[in-house]
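I have placed the structure first, in the form of structure tokens, so that the comments after it can refer back to it.
The values are calculated or read from the model by the stated rules, or taken from the named source; none is laboratory data. Owing to the predicted nature of the structure, the values given are computational and were not obtained by experimental measurement. Cβ coordinates were reconstructed from backbone atoms using ideal geometry, including for glycine residues, and neighbour counts include every protein chain displayed.
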Amino acid sequence: MASMRDIKRRKTGIQSTQQITKAMKLVSTVKLQRAKMRAEQSKNYTMQMYDTIVSIMNRSGFIDHPLTKPNGCNKKAIILITSNRGLAGGYNSNITKLITQSGWGVDELVIYAIGKKGRDGVKRAGYEVVYENSEMIEEPIYSDASDLAKELLEKYAEGKIGEIYIAYTIFKNTVVHVPRLQKLLPLGEESTPTESVSGREGEDSIKPDAEEESAKRALMTYEPDSDEALNAIIPKYVTSLIYGALIEAVASENGARMQAMDSATDNAEKMISGLELQYNRARQGAITQELTEIIGGAEAIG
């Protein structure tokens, strides 16, 4: 049985750790409130942008545009969005598993890593990291997403990469965060919306008539031409999805860390309670032993 001194030292150490986890939980809670608001504000725009582009492509017929068709390259570029710090439960490992368990070979992928944890994870697994930016996830801004989208689109147009994906965590709510691997390019008829945008009540919920159905099936026309329109739309589409993913990832990270620190604080409290019980038992045993020795000594003298 551990001595009273050892139990007291361990209890003191756990109490110090508990204070740290409490502080980290409070910090994550404050950060989450701001990040949650940004994520909720950007989600509808991001998903509407995705749905709109898919709808345009599905109604465009045949378009000979370099960003809407395979370019023959078998390299896949994956934008991997994780955090720079740990202590967030399985947040970072769940994202990394989307890549390591995707079934694609190491030679097929090139990684654009945003966040140190994901970068380190895929490097250990042997994947090629061609781009690193740990600062972007700290305070995402649209211009950073635009610069990354520009670089990726240039690589795609040059035929150095054949597909572009993004791996990030969807922020559903404070306790639900869903890892996702989403395809950005090439666009095509096989694309489907990743999440539908809920319609309004009333007339939007009424079944569309024949004229509306016919309008949906009508081919899209471009003015002045499809190339000029898509050259303007597709970069904005890619940039919007990258920026939206960054915003959701920040909210998911803080939500995951808040939950992890809350669990750690509760576990520390349970451990402290157990140690207090052990300490009291050890103290009671020491007192009993001391009394026994005193009584034994008194009887020996008498």
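Overview of values
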{"read-out": "Among the candidates Arg85, Arg119, residue that is basic (Lys, Arg) and in a helix (DSSP H, G or I)", "value": "Arg119"}
{"read-out": "Number of positions in the stretch 129-166 that are surrounded by fewer than 15 Cβ atoms within 10 Å (Cβ to Cβ), small (Gly, Ala, Ser) and part of a loop (DSSP other than H, G, I, E, B)", "value": "1"}
{"read-out": "Lone qualifier among Thr46, Thr29, Thr52 - being in contact with a helix residue (DSSP H, G or I) (Cβ under 7 Å, 6 or more places away or on another chain) and assigned by TED's automatic domain parsing to the domain that holds Val238", "value": "Thr46"}
{"read-out": "Tally, over the stretch 28-59, of residues that are crowded, with 18+ Cβ neighbours inside 10 Å and among the β-branched types (Val, Ile, Thr)", "value": "4"}
{"read-out": "In the stretch 123-162, the residues that are over 13 Å from Val110 (Cβ atoms) and hydroxyl-bearing (Ser, Thr, Tyr)", "value": "Ser134, Tyr142, Ser143, Ser146"}
{"read-out": "Scan of the stretch 59-82 for residues that are touching a helix residue (DSSP H, G or I) at 6+ places or on another chain (Cβ under 8 Å) and within 18 Å of Val130 (Cα to Cα), ordered by number", "value": "Asn74, Lys75, Lys76, Ala77, Ile78, Ile79, Leu80, Ile81, Thr82"}
{"read-out": "Positions within the stretch 1-57 being closer than 23 Å to Met258 by Cβ and basic (Lys, Arg), in sequence order", "value": "Lys22, Lys25, Lys31, Arg34, Lys36, Arg38, Lys43"}
{"read-out": "Residues of the stretch 253-283 satisfying the condition of being hydroxyl-bearing (Ser, Thr, Tyr) and touching a helix residue (DSSP H, G or I) at 6+ places or on another chain (Cβ under 7 Å)", "value": "Thr265, Tyr279"}
{"read-out": "Selection from the stretch 44-78 of residues that are at pLDDT 75 or above and among the small types (Gly, Ala, Ser)", "value": "Ser55, Gly72, Ala77"}
{"read-out": "Qualifying position, being outside the structural domain of Gly118 (by TED's automatic domain parsing) and either hydroxyl-bearing (Ser, Thr, Tyr) or under 21 Å from Gly255 (Cβ atoms) (or both), among Thr96, Thr12", "value": "Thr12"}
{"read-out": "Condition check for Thr169: farther than 27 Å from Thr68 by Cβ, surrounded by fewer than 23 Cβ atoms within 10 Å (Cβ to Cβ) and of a type in the set (Ser, Thr, Tyr)", "value": "no"}
{"read-out": "Some residue of the stretch 48-70 being more than 27 Å from Tyr237 (Cβ to Cβ), of a type outside the set (A, V, I, L, M, F, W, C), in contact (Cβ under 8 Å) with a residue 24 or more places away in the chain and out of contact with any Gly (no Cβ under 7 Å at 6 or more places or on another chain)", "value": "no"}
